[in-house]
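J.: To start, I am sharing the structure in question, which I have written as structure tokens.
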Amino acid sequence: TKNFPLPVMSRLLLPMMGEAKASVTSLVRVVIETCLLKSTKHYPRSADELENAGEFFRANGYSEAETLGEVMHHAIEKHRLLTDWIEQNKPNDHLGEIADDLEDQLVQLLKGDWVWEAGSQWLFYYDRYFSAMLDRIDRLEGTPITKDLDKLDLIAPYWDGWKALVNTKGNKDEKGELTRLGWWLQEWRASLFSPTSKAVIKVSEKKINELLVSCESRA
């Protein structure tokens, strides 16, 4: 792990993000997972697939580590900016509600063993999510605050409904629908509050509502 391409300051700050003390070792695990899935499109199921995955890792592992290291370095820097803004504006009569919402979004992104839970599918997009949150803050200076609050009112019922299900069901998410809903909501947030940011997947209120209803029916 000492050769993982992540600057020293980011290495020091990484364990301070979220509930669990994330580490470079966690990032290495995600790189390995990324190589496994890119080499076979699924986890290896035979000796030949495992050998192919090993060859892919030897050829591409460091490149994947460089990509993830850059993503995490930028995400860690932006996390500091976000937490500073949130702390400064939580007492503000006008911006406090937005600060609380941004804090809640960070909590959801950084809860539990967040590096591994995001994994190869989502961790590479953390810089996008943090960038979208900062863009949301920047837009407050040039547009009426009511526009932000209108978007917050739109997403709140789905966000709160998802969190309530997570608290009720815990780890009982056999079909992965609840987990998928959480990431879809992060994507929707980024698209709503930072329209110029490039979407990872296309989501809509209709699709999110349908998935939420499906999750609620299984609760």
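J.: Write out, first by first residue and then by second, each pair whose Cβ atoms fall under 8 Å of each other, whose residues are 6+ apart or on separate chains, and whose first residue, in the stretch 88-99, is surrounded by 11 or more Cβ atoms within 10 Å (Cβ to Cβ) while the second is assigned to a loop (DSSP other than H, G, I, E, B).
T.: Once the first residue is surrounded by 11 or more Cβ atoms within 10 Å (Cβ to Cβ) and sits in the stretch 88-99, its partners that are assigned to a loop (DSSP other than H, G, I, E, B) give ASN89/LEU95; LEU95/LEU140; GLY96/LYS90; ILE98/LEU140; ALA99/LYS90; ALA99/ASN92.
J.: Could you please let me know if GLU19 is assigned to a helix (DSSP H, G or I) and out of contact with any helix residue (DSSP H, G or I) (no Cβ under 6 Å at 6 or more places or on another chain)?
T.: For GLU19, the condition - assigned to a helix (DSSP H, G or I) and out of contact with any helix residue (DSSP H, G or I) (no Cβ under 6 Å at 6 or more places or on another chain) - is not met.
J.: Could you pull out the residue among LEU6, LEU37 that is of a type in the set (A, V, I, L, M), outside any helix (DSSP H, G or I) and in contact (Cβ under 8 Å) with a residue 40 or more places away in the chain?
T.: Of the residues listed, the single one that is of a type in the set (A, V, I, L, M), outside any helix (DSSP H, G or I) and in contact (Cβ under 8 Å) with a residue 40 or more places away in the chain is LEU6.
J.: Would you confirm, using the coordinates I've provided, whether GLY54 is small (Gly, Ala, Ser) and within 22 Å of TRP122 (Cβ to Cβ)?
T.: It is false that GLY54 is small (Gly, Ala, Ser) and within 22 Å of TRP122 (Cβ to Cβ).
J.: Now for a different question. Considering LEU12, LEU50, LEU68, which residue is aliphatic (A, V, I, L, M), in a helix (DSSP H, G or I) and modelled with pLDDT under 85?
T.: None of the other options fit; the residue is LEU50.
J.: Taking HIS94 and the conditions (1) within 22 Å of ARG136 (Cα to Cα); (2) in a helix (DSSP H, G or I), which numbered condition does it fall short on, given that it satisfies the others?
T.: With respect to (1) within 22 Å of ARG136 (Cα to Cα); (2) in a helix (DSSP H, G or I), HIS94 is out only on (2).
J.: Here's another thing I want to ask about it. Are there any pairs with C-beta distances below 6 angstrom linking a residue in the stretch 17-28 that is over 14 Å from THR1 (Cβ atoms) and modelled with pLDDT under 90 to a residue that is part of a helix (DSSP H, G or I) and among the hydrophobic types (A, V, I, L, M, F, W, C), with the two at least 6 apart or on different chains, and if so which?
T.: Filtered contacts from the stretch 17-28: GLY18/TRP114.
J.: Considering only residues of the stretch 164-195 that are at pLDDT below 90 and of a type in the set (S, T, N, Q), which is farthest from TRP114 (Cα to Cα)?
T.: THR168
J.: Considering the stretch 53-65 alone, what residues qualify as being in contact (Cβ under 8 Å) with a residue 12 or more places away in the chain and either of a type in the set (Gly, Ala, Ser) or not in a helix (DSSP H, G or I) (or both)?
T.: Once the filter is applied, which keeps residues that are in contact (Cβ under 8 Å) with a residue 12 or more places away in the chain and either of a type in the set (Gly, Ala, Ser) or not in a helix (DSSP H, G or I) (or both), the stretch 53-65 yields ALA53, GLY61, ALA65.
J.: Report yes if some residue within the stretch 60-72 is over 22 Å from LYS2 (Cα atoms) and not polar (S, T, N, Q); otherwise report no.
T.: Looking through the stretch 60-72, none of the residues is over 22 Å from LYS2 (Cα atoms) and not polar (S, T, N, Q).
J.: If you take the residues of the stretch 168-218 that are of a type in the set (S, T, N, Q) and over 30 Å from THR146 (Cα atoms), which of them is nearest to the chain's Cα centre (by Cα)?
T.: THR179
J.: Is it the case, given these coordinates, that TRP85 is surrounded by fewer than 20 Cβ atoms within 10 Å (Cβ to Cβ), assigned to a helix (DSSP H, G or I), among the aromatic types (Phe, Trp, Tyr) and within 15 Å of the chain's Cα centre (by Cα)?
T.: no
The values are calculated or read from the model by the stated rules, or taken from the named source; none is laboratory data. What you see is a predicted model, and the numbers here were worked out from it, not measured in a lab. As a convention, Cβ positions derive from the backbone with ideal geometry for all residues, glycine included, and neighbour counts pool all protein chains shown.
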